[in-house]
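Bear in mind that the values in this text are calculations on the coordinates, not laboratory data. Just so it is clear, the structure is predicted and the values come from calculations on it, not from any experiment. Counting neighbours? That spans all protein chains shown, and the Cβs are built from the backbone with ideal geometry, glycine included.
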2 protein chains.
Amino acid sequence: MTIHLAESGENAALKQCSHDYQVNCSSCRLNSICLPLALESEDIQLLDNIIQRSKPLQKNQHLYREGDDFQSVYAVRSGTLKAYKTTDDGREQVTGFYFPGEILGMDGISNNTHASSAKALETAATCEIPFTSLEKLSSHMPSLQRHFFQLMSREITEDQLLITLLSKNSADERVAALMLSISTRYARRKLSATQFRLPMSRVDIGNYLGLTVETVSRVFSRMQKLDIMRVDNKEIEILDPEALRRMANLGR
Amino acid sequence: MTIHLAESGENAALKQCSHDYQVNCSSCRLNSICLPLALESEDIQLLDNIIQRSKPLQKNQHLYREGDDFQSVYAVRSGTLKAYKTTDDGREQVTGFYFPGEILGMDGISNNTHASSAKALETAATCEIPFTSLEKLSSHMPSLQRHFFQLMSREITEDQLLITLLSKNSADERVAALMLSISTRYARRKLSATQFRLPMSRVDIGNYLGLTVETVSRVFSRMQKLDIMRVDNKEIEILDPEALRRMANLGR
DNA sequence: TGCTTAACTTGATTCACATCAAGGCGTAGG
DNA sequence: CCTACGCCTTGATGTGAATCAAGTTAAGCA
């Protein structure tokens with residue numbers, strides 16, 4: 001069972017502080033939304049065996065960088081990360097934010113090279129899933145194979161949503177849509193859907209949504225004035241979810 | 001030369017006119033860029049067995065529609081298709097163009113429902129690959145599993161490219177980038193990289209790139225005036241590829 | 001504790017592209 | 001053959017968000 005104890009007792013120590021350092025998928029409170037989803041408990045055990053849990057990343061530390069050899073995909077255990085690409089002229093494009101239970105790094109599969117960089121927006125812990133092991137395991141576990149195909153497909157549909165957002169929606173709509181998306185993701189983890197702290201800066205938000213910081217800031221002010229949200233720096237409180245949905249104008 | 005005889009001898013007839021109606025992967029001239037890529041010839045045979053080749057779609061016919069049950073992914077054999085989503089307020093977002101050898105429909109895997117619609121921009125033939133069969137086959141053929149993971153990952157990285165294009169680049173840059181992309185895809189099929197016919201309308205281009213028809217048209221005029229491209233309705237000739245790359249401003 | 005720098009907000013101005021409007025051209029159908 | 005419609009182009013005008021410019025608040029650090 002023991003995977004890579006550097007020295008004695010590490011595993012035992014980890015078990016003791018399991019609230020911030022989960023040691024296995026079976027006991028992880030994210031397992032219903034993460035990769036183990038839809039696996040039998042014995043299968044979860046097998047998956048568990050290939051997963052490597054490393055020490056948390058500090059804020060601004062990289063999990064991987066664009067161009068790095070692709071070895072693994074990662075599940076977020078705690079904290080938040082952003083994925084981004086750097087264009088040749090040095091500008092940055094944020095391609096996604098990753099919350100606990102979400103998987104990142106799949107864009108590296110196609111070329112065996114990470115197509116984007118990932119850095120921690122705050123202290124963050126991840127589970128590393130070596131891809132070759134995952135591939136082998138998938139061959140023997142149809143439900144895992146299926147689930148991983150679905151995860152990749154989900155990434156595609158989410159990218160398409162962002163594409164539509166960028167090409168068809170106004171600044172107000174984009175920001176509102178992001179707030180709704182974040183709210184939903186908190187709710188999925190049984191956290192408040194109406195009060196939360198944004199882990200990313202205004203710059204990151206603008207960057208993700210194809211807007212400037214100034215515009216993002218103005219939209220927040222506008223939402224505040226309309227009593228749709230209370231915005232106190234990174235603390236968000238959604239006062240009128242219905243109005244927010246109307247503002248996002250995405251339908252349902 | 002006769003193409004789709006309904007009655008006897010269909011297979012034999014097809015073999016005779018294999019240049020426009022490929023009957024198997026082994027003899028398909030697209031097999032080096034399509035799904036069979038990286039498969040052994042005996043494995044290609046197995047893949048071949050699950051693939052269904054149906055009669056061509058006419059222009060504007062749908063291959064599948066958003067919301068349809070997901071059963072299969074498709075490889076383009078000839079012609080071109082566009083994938084698009086319809087937003088709740090009725091507008092359309094083109095999410096991709098698919099040329100011969102390219103795979104579409106993977107966005108349906110996540111929900112067992114097609115997340116976008118696909119329609120033929122001109123007469124087009126496809127190979128239907130039933131997904132459950134593909135899954136089973138993948139379990140037994142590591143190289144196929146790997147290749148399909150890579151295809152999905154490629155779709156992700158390409159969507160990310162479009163995201164960056166939409167959020168960071170000017171109208172000129174977007175159109176130039178699309179022309180380069182199309183040029184590359186023709187070249188991959190050993191066709192001219194500098195002279196080709198655009199299968200899609202200006203509306204579709206605008207829709208894909210988040211621009212209006214008028215803007216697309218103006219960019220084409222500008223390119224023509226600068227002697228970067230000759231544009232005669234849908235006929236394109238790239239006169240100065242280097243200048244086009246500079247205009248796209250994507251670096252290499 | 002105060003200093004320094006990063007992150008955010010707000011206002012004034014500019015600009016790229018959308019919108020509105022009209023005319024040209026190629027193709028299908030009577 | 002002519003008419004009609006879809007598709008494309010070009011011009012004039014409007015506008016949402018970018019840019020430029022300050023100032024404020026929050027946060028790291030000596």
Check: Given the conditions (1) out of contact with any strand residue (DSSP E or B) (no Cβ under 9 Å at 6 or more places or on another chain); (2) surrounded by fewer than 18 Cβ atoms within 10 Å (Cβ to Cβ); (3) in contact (Cβ under 8 Å) with a residue 40 or more places away in the chain, and given that A:Asn169 satisfies all but one, which numbered condition is not satisfied?
Finding: (2)
Next item on the list: Tell me, please, whether a residue that is among the hydroxyl-bearing types (Ser, Thr, Tyr), touching a residue at least 60 places away in the same chain (Cβ under 8 Å) and closer than 25 Å to A:Thr164 by Cα can be found in the stretch B:132-152.
Entry: no
Note to self: Can you tell me which residue is nearest to DNA strand C (Cβ to nearest atom) among those in the stretch B:133-145 that are more than 10 Å from every other protein chain (Cβ to nearest Cβ) and surrounded by fewer than 20 Cβ atoms within 10 Å (Cβ to Cβ)?
What the structure shows: B:Ser133
Notebook entry, point to check: Looking at the stretch A:179-187, is at least one residue among the aliphatic types (A, V, I, L, M), within 22 Å of A:Lys85 (Cα to Cα), more than 10 Å from DNA strand C (Cβ to nearest atom) and crowded, with 16+ Cβ neighbours inside 10 Å?
Noted result: yes
Notebook entry, point to check: Does the stretch B:198-209 hold any residues that are touching a helix residue (DSSP H, G or I) at 6+ places or on another chain (Cβ under 6 Å), aliphatic (A, V, I, L, M) and surrounded by 18 or more Cβ atoms within 10 Å (Cβ to Cβ), and which are they?
Noted result: B:Ile205, B:Leu209
Next item on the list: Please state which of the following conditions B:Gly79 fails to meet, knowing it meets all the rest: (1) at positive phi; (2) within 14 Å of chain A (Cβ to nearest Cβ).
Entry: (2)
Margin query: So in the stretch A:93-107, with the set limited to residues that are of a type in the set (Gly, Ala, Ser) and within 12 Å of another protein chain (Cβ to nearest Cβ), which one is nearest to the chain's Cα centre (by Cα)?
Written below: A:Gly96
Check: Can you tell me which residues in the stretch B:195-218 are of a type in the set (Gly, Ala, Ser) and within 10 Å of DNA strand C (Cβ to nearest atom)?
Finding: B:Gly206, B:Gly210, B:Ser217
Margin query: Checking the condition hydroxyl-bearing (Ser, Thr, Tyr) and within 11 Å of DNA strand C (Cβ to nearest atom), which residue from A:Ser192, A:Ser221 passes?
Written below: A:Ser221
Check: Mind checking which residues of the stretch A:210-236 are exposed (fewer than 13 other Cβ atoms within 10 Å of the Cβ) and among the charged types (D, E, K, R)?
Finding: A:Glu214, A:Lys225, A:Asp227, A:Asp232, A:Lys234, A:Glu235
